[in-house]
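Written out below as structure tokens is the structure these notes cover.
Every number in this text was worked out from the coordinates using simple rules, so none of it is lab data. Because the structure is a prediction, the values reported are computed rather than measured. In this analysis, Cβ positions are derived from the backbone assuming ideal geometry, glycine residues included, and neighbour counts consider all displayed protein chains.
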Amino acid sequence: MASGWAGDGAVQDQIDATIDDALERARRNLPQGESRHECAECGELIPEARRQALPGVQLCINCQAERDADAAHSSYNRRGSKDSQLR
């Protein structure tokens, strides 16, 4: 059922576009190239299994977890909230 001027699949289209944008951004941010043997931030050795699993890895697991936690708090919805679309 359509509401207002939006088409029947408008909400799902917006959800799909948001997911596609997030996937594209994540793929662009994947490391590439040769993996480091030591963490770029703390200098700890990076386990061989991690280096093989992630080409171009630069950080140990602990430093990567800290960076990921910091990044999770800085995300935002670039398409705007539902309330901003209704104004």
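Amide hydrogen proximity for E41: with H placed 1.01 Å from N in the peptide plane, the residues at 5 or more positions away or on another chain lying under 5 Å are C60. When each of the peptides 54-63, 15-24 is scored by how many other beta carbons lie within 10 Å of its residues on average, the order from highest to lowest is 54-63, 15-24. Spin-label pair A49-V11: with each label point 7 Å from Cα along the Cα-Cβ axis, the two points sit 4.3 nm from one another.
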